[in-house]
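Q: Shown below is the structure under consideration.
Here, each number is a calculation from the coordinates, and none is a lab measurement. Owing to the predicted nature of the structure, the values given are computational and were not obtained by experimental measurement. Positions of Cβ are backbone-derived with ideal geometry, glycine not excepted, and every protein chain shown enters the neighbour counts.
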Amino acid sequence: MRNKNLKTLPQKLLSITGKTYQAYKKDFQNGMVTVGNVCSADCCFCSQKWNPPGLLQDLKRLLTLEEIKHFSNLYLKEVNGMGSAIHNNSGEFFLHPHALEILNLFAAANKIHNPIPLFTNGNELTEEIIKTCKKLGLYLSISLNSTNPEARTEIMGGCYGRNKNAIDSISKLDKYNANYCIWIVPLRRNLENGDLEHTIRGLRESKADNILIHLPGYTKYTSSQMVKELIISQKELRQFISDMRQKYKVKISFEIPTAGECFINILLTLSNLFKKRKCLGKKKKLFLCAQSVENVFPLVLQKMQIQKYAIRSVKSTVFGGSVECAGLLLVEDYIKAIADFLEKESQEKPDYVFLPRNSFDVNKEDLSMDSVMSIEDKYDVKLVMC
């Protein structure tokens with residue numbers, strides 16, 4: 001039975017139409033609750049600033065409470081994340097004037113289950129917000145980047161007062177024993193001028209010991225000046241993290257798995273798949289993998305003693321730049337990789353094409369809302385997503 005508090009406004013009465021409506025529909029179907037794309041920050045590294053033009057939908061405002069109820073009641077089964085999106089540009093969740101009401105509505109409709117991440121820049125955090133999130137079992141994922149208000153304002157934009165509030169809120173999170181983690185995207189300047197180490201030390205003194213360092217990235221649309229700030233290697237970051245762990249005894253995680261971890265994850269996934277589908281062993285197979293694992297993938301197949309296969313790493317032609325992860329590969333990237341394999345190398349058509357599952361949402365569509373099934377239709381091959 002639908003909760004009466006989530007009474008649905010008919011689509012014909014909404015001002016959201018066409019592809020933008022479909023994008024919000026699909027985000028809610030994926031369990032991602034976004035409330036529009038108005039933000040109180042203007043992060044210099046923000047992917048939305050340097051995305052391929054027109055890839056994600058841009059509403060340029062907050063959703064109304066009635067619109068949120070509409071998408072929630074019709075398309076949301078269970079909340080998987082809040083304050084972020086897949087097919088839409090997203091802004092700051094707590095800028096919405098009804099943010100707490102929205103949280104309580106979802107809780108009353110039994111659509112929030114522990115632990116649910118809520119992504120925020122922290123600028124709007126208050127004790128009331130923190131207590132509500134704690135009560136509902138939400139996990140605050142806070143983009144902090146610096147504990148120096150001046151440096152944070154330079155990195156993330158917005159006004160000094162709001163950036164200082166985000167930093168000051170760390171102590172309130174610990175006061176109420178809230179569930180949270182701190183996200184940091186390091187820039188070259190902050191790594192070299194000591195601000196990043198100062199931030200780690202400050203977080204340790206604040207007892208904030210769940211810190212996640214995110215490898216900075218850029219696309220072919222990123223300005224050359226910004227690219228210089230974002231070129232930091234995995235090796236350099238891993239060494240920095242190792243030094244900080246030893247020096248300050250702080251818990252820091254790196255969002256990029258090691259080669260060994262990738263090897264084990266891929267090996268387990270493919271081993272389970274081939275056990276369940278024994279017929280795959282006799283068929284011609286083409287494995288398409290992201291560039292981030294192109295050195296690991298062949299070792300896995302050798303370990304498994306797989307036969308009748310070829311491997312091609314797929315380049316992110318749409319995003320370009322330093323993008324190598326599977327989650328940002330699009331259907332057109334895969335189509336180009338298959339075309340190059342078949343045409344330029346005069347290869348026979350495979351019986352099965354293997355793709356990374358995290359390139360696609362629950363509707364089997366990529367970020368541009370193109371269906372993975374178009375690959376199957378184009379080449380008349382069977383797809384295996386894993």
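Q: Using a cut-off of 11 Å between beta-carbons, work out the net charge of the residues near Arg189 (Lys and Arg +1, Asp and Glu -1, Arg189 not included). Could the numbers behind the result be given before it?
A: Details: positive: Arg188, Lys228; negative: Glu154, Glu192, Asp195, Glu229.
Once positives and negatives cancel, what remains is -2.
Q: What's the magnitude of the charge dipole for the range 259-385 around its Cα centre, counting Lys and Arg as +1 and Asp and Glu as -1 at the beta-carbon? Answer in Debye, nearest 20.
A: It comes to approximately 880 debye.
Q: So, counting K/R as plus one and D/E as minus one, what does the shell of residues with Cβ under 11 Å around Gly327 add up to?
A: -2
Q: Angle between the Cα long axis of helix 65-75 and the longest principal axis of the chain, 0 to 90 degrees, nearest 10?
A: On a 0 to 90 degree scale, this one is about 30.
Q: Another question, then. In whole angstrom, how far apart do the alpha carbon centroids of the range 356-376 and the range 174-230 sit?
A: With the range 356-376 and the range 174-230 each reduced to a Cα centre, they are spaced 31 Å.
Q: Shifting gears a bit: Tell me which label goes with the value of Cα extents along the principal axes in Å computed from the coordinates here: [x] 108, 71, 35; [y] 62, 57, 39; [z] 60, 44, 41.
A: [y]
Q: Another question, if that's okay. Positive end of the dipole of the chain, charges at C-beta (+1 Lys, Arg; -1 Asp, Glu), about the Cα centre: which of Thr120, Ser271, Asn179 has its Cα farthest in that direction?
A: Ser271
Q: Could you tell me which of Ser169, Gln29, Cys386 has its Cα farthest along the dipole of the chain towards the positive end, charges placed at Cβ (Lys, Arg +1; Asp, Glu -1), taken about the Cα centre?
A: Cys386
Q: Using the alpha-carbon atoms, what tilt in degrees (0 to 90, nearest 10) does helix 160-175 show relative to the longest principal axis of the chain?
A: Rounded to the nearest ten degrees, it is 90.
Q: For Val38, what charge total do you get from the other residues with a beta carbon under 10 Å from its beta carbon, if Lys and Arg give +1 and Asp and Glu give -1?
A: Neighbour charge sum, excluding Val38 itself: +1.
Q: When DSSP assigns beta bridges and you keep just the ones with both residues in the range 4-254, what percent turn out antiparallel, to the nearest 5?
A: Counting DSSP beta bridges with both partners in the range 4-254, the antiparallel share is about 5 percent.
Q: Select from Asn295, Gln305, Gly157 the residue farthest towards the positive end of the dipole of the chain; place +1 on Cβ of Lys and Arg, -1 on Cβ of Asp and Glu, and compute about the Cα centre.
A: In the chain, that residue is Gln305.
Q: Still on this structure, I have one more. Please compute P(r) over all alpha-carbon pairs of the range 259-385, binned at 5 Å starting from zero, and give each bin as a whole-number percent.
A: 2, 10, 21, 25, 22, 15, 4, 0
Q: To the nearest 20 Debye, how big is the dipole of the chain about its Cα centre, given +1 on the beta carbon of each Lys and Arg and -1 on that of each Asp and Glu?
A: Details: 53 positive and 41 negative charges, 258 e Å.
Charge dipole of the chain: 1240 debye, to the nearest 20.
Q: Give me the angle, in degrees from 0 to 90, between the Cα long axis of helix 234-248 and the longest principal axis of the Cα atoms of the chain, rounded to the nearest 10.
A: 40
Q: Related question: Using a 4.7 Å cut-off between beta carbons, which cysteines in the chain end up with no partner cysteine at all?
A: Singleton cysteines: Cys39, Cys44, Cys133, Cys159, Cys181, Cys262, Cys279, Cys289, Cys325, Cys386.
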